[in-house]
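> Here it is, the structure, as structure tokens.
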Amino acid sequence: MTPFTFARAADAAEAVRLGGQPQAKYLGGGTNLVDLMRETLERPSSLVDVTGLSSAIEARSDGGLLIGAAAKNTAVAEHRTVRTRYPMLSRAILAGASAQIRNMATVGGNLLQRTRCTYFYDDDGSRCNKRNPGQGCDALDGFNRIHAILGASPACVATNPSDMCVALAALGAVVHLRSAHGERTLPLTDLHRLPEDHPEIETMLEPGELITAVELPALPFAARSTYRKVRDRASYAFALVSVAAALKLEGDTVTDVRLALGGVAPKPWRAWKAEAALKGRPATAESFRVAAEIELADARPLRDNAFKVELAKRMIAAVLGELMEIAP
């Protein structure tokens, strides 16, 4: 075991002060970090307990919603406003992990959970650039059924495991951050980095920077939204492909749409191209399929995961078709 110190922060200011130490890590529910420490993939010299941060879920004056970073996943999924105004988020959270883990996991921690690539976890027998930069990526020629088809690089093909982040990406969520230099906000879609040549750098966070809240914008048509996840078993499994979608119609025309994919990329994948292709178009099965084809045109499947391309196309079309049946 690697020795470490432990401190419990009373508020964000104290957390940032303690988290500024070299090799410090923030600890929320510990549902991912503790596993990584047990496997010696993370070796922090100090842990800063940030469960004392805000866990409030508060309505904003502009109609949005502010969720404290320490809010438990279960509390968010069960919150009445989330269920009625942002149902895709509630369904995404409930599709992830187990009830016991959701009861412990925090919103801030969920945003920063690391990949579940088996080669990343196999410290003794596999090469992984994310774990040891410059070592190589055994997933490229290994068993890569669960790996990325979009946004990957020759250095890394691991996927982001979060269900919640897929819904947050589709909703246009904004992440509130605090560091020794002050406070700032960042769109959720910009929080995670694509691997390129440095897969070990996974987010845009500065050293010691802390997530304090997640803001959901006012998005009335998100009431007509959902989340669908395809996985190998009915529960406690990561997505092969998932889709978060919201649809706004005027008559039979798509006037606005939000789409994001999970299980296909190193970050929650906002389907910007599909959204652009759908706006102003008829809400038909043909239009949905064309938009899906456009979004997946840049897919680069590996030996074992080419099925994800067609699966993602069919899921996009099916989920949008399902939303057609939901009353606005």
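The values are calculated or read from the model by the stated rules, or taken from the named source; none is laboratory data. These numbers were taken from a predicted model, which means no experiment stands behind them. Quick reminder, even Gly has a Cβ in these numbers, built from the backbone with ideal geometry, and neighbours come from all protein chains shown. These area figures cover heavy atoms from the full protein model, side chains too; ligands, DNA and RNA do not enter into them. Shrake-Rupley method; radii C 1.70, N 1.55, O 1.52, S 1.80 Å.
> Ala237 - would you say it is under 30 Å from Ala99 (Cα atoms) and without any contact (Cβ under 8 Å) to a residue 24 or more places away in the chain?
yes
> Taking strands (runs of 3 or more DSSP E) that fall entirely within the range 4-112, which contain at least 1 residues that are buried (at least 18 other Cβ atoms within 10 Å of the Cβ) and not β-branched (Val, Ile, Thr)? Full working, then the answer.
On the way: elements: 5-8, 24-27, 46-49, 57-59, 65-68.
Because the criterion is at least 1 residues that are buried (at least 18 other Cβ atoms within 10 Å of the Cβ) and not β-branched (Val, Ile, Thr), the strands (runs of 3 or more DSSP E) in the range 4-112 that meet it are 24-27, 46-49, 65-68.
> Regarding the range 206-217, can at least one residue be identified that is open to solvent by less than 50 Å² (accessible area, probe 1.4 Å), within 30 Å of Asn132 (Cβ to Cβ), part of a strand (DSSP E or B) and touching a residue at least 24 places away in the same chain (Cβ under 8 Å)?
yes
> Go through the residues of the range 120-130 one by one and say whether even a single one is of a type in the set (Phe, Trp, Tyr), in a helix (DSSP H, G or I) and either on the phi > 0 side of the Ramachandran plot or open to solvent by less than 40 Å² (accessible area, probe 1.4 Å) (or both). So that I can check it myself, show each step before the final result.
From the range 120-130, those of a type in the set (Phe, Trp, Tyr) are 120-121; that's our starting set.
Among the residues that remain, those that are also in a helix (DSSP H, G or I) are: 120-121.
Next, from what is left, pick out any that are either on the phi > 0 side of the Ramachandran plot or open to solvent by less than 40 Å² (accessible area, probe 1.4 Å) (or both): 120.
Yes, the range 120-130 has at least one match.
> Also, I was wondering about something else. Taking into account only those residues within the range 218-244 that are hydroxyl-bearing (Ser, Thr, Tyr) and part of a loop (DSSP other than H, G, I, E, B), which is nearest to the chain's Cα centre (by Cα)?
Result: Tyr236.
> A follow-up question, please. Of all residues in the range 239-268, how many are open to solvent by 40 Å² or more (accessible area, probe 1.4 Å) and within 26 Å of Ile57 (Cβ to Cβ)?
So the count comes out to 2.
> Looking at the structure I just gave you, is Val82 touching a residue at least 12 places away in the same chain (Cβ under 8 Å) and of a type in the set (Val, Ile, Thr)?
Spelling it out, Val82 is indeed touching a residue at least 12 places away in the same chain (Cβ under 8 Å) and of a type in the set (Val, Ile, Thr).
> OK, next. When you look at Gly63, is it at positive phi and either out of contact with any Phe, Trp or Tyr (no Cβ under 8 Å at 6 or more places or on another chain) or of a type outside the set (A, V, I, L, M, F, W, C) (or both), yes or no?
Yes: the conditions hold for Gly63.
> Yes or no: Ser153 open to solvent by less than 10 Å² (accessible area, probe 1.4 Å) and hydroxyl-bearing (Ser, Thr, Tyr)?
Numbers: open to solvent by less than 10 Å² (accessible area, probe 1.4 Å): no; hydroxyl-bearing (Ser, Thr, Tyr): yes.
Answer is no for this residue.
> Based on what the data block shows, is Ala274 within 22 Å of Gly172 (Cβ to Cβ), part of a helix (DSSP H, G or I) and among the aliphatic types (A, V, I, L, M)?
Yes, satisfied.
> Mind counting the residues in the range 311-326 that are over 17 Å from Ala239 (Cα atoms) and in contact (Cβ under 8 Å) with a residue 12 or more places away in the chain?
7
> Could you please find all residues in the range 154-170 being hydrophobic (A, V, I, L, M, F, W, C), closer than 19 Å to Asn32 by Cα and under 8 Å from the mean Cα position of the chain (by Cα)?
Met164, Cys165, Val166
> Within the range 293-309, can one find any residue that is of a type in the set (A, V, I, L, M) and either under 16 Å from the mean Cα position of the chain (by Cα) or crowded, with 24+ Cβ neighbours inside 10 Å (or both)?
no
> Right, here's the next one. Output yes when any residue across the range 160-168 is of a type in the set (D, E, K, R) and open to solvent by 40 Å² or more (accessible area, probe 1.4 Å), and no when none is.
Looking only at the range 160-168, we keep the residues that are of a type in the set (D, E, K, R), and these are 163.
Subsequent filtering for residues that are open to solvent by 40 Å² or more (accessible area, probe 1.4 Å) retains none.
Taking every residue of the range 160-168 in turn, none turns out to be of a type in the set (D, E, K, R) and open to solvent by 40 Å² or more (accessible area, probe 1.4 Å).
> Going through Ala277, Ala271, Ala246 one at a time, which residue ends up being modelled with pLDDT of 95 or more, closer than 30 Å to Ile201 by Cα and not charged (D, E, K, R)? So that I can check it myself, show each step before the final result.
Numbers: Ala277 fails: closer than 30 Å to Ile201 by Cα; Ala246 fails: closer than 30 Å to Ile201 by Cα.
Of Ala277, Ala271, Ala246, the one residue that is modelled with pLDDT of 95 or more, closer than 30 Å to Ile201 by Cα and not charged (D, E, K, R) is Ala271.
> Within the bounds of the range 172-187, is there any residue that is part of a helix (DSSP H, G or I), touching a helix residue (DSSP H, G or I) at 6+ places or on another chain (Cβ under 7 Å) and farther than 16 Å from Tyr26 by Cα? Spell out the reasoning first.
So in the range 172-187, the residues part of a helix (DSSP H, G or I) come out as none.
Within the range 172-187 (the criterion being part of a helix (DSSP H, G or I), touching a helix residue (DSSP H, G or I) at 6+ places or on another chain (Cβ under 7 Å) and farther than 16 Å from Tyr26 by Cα), the answer is no, since none of the residues qualifies.
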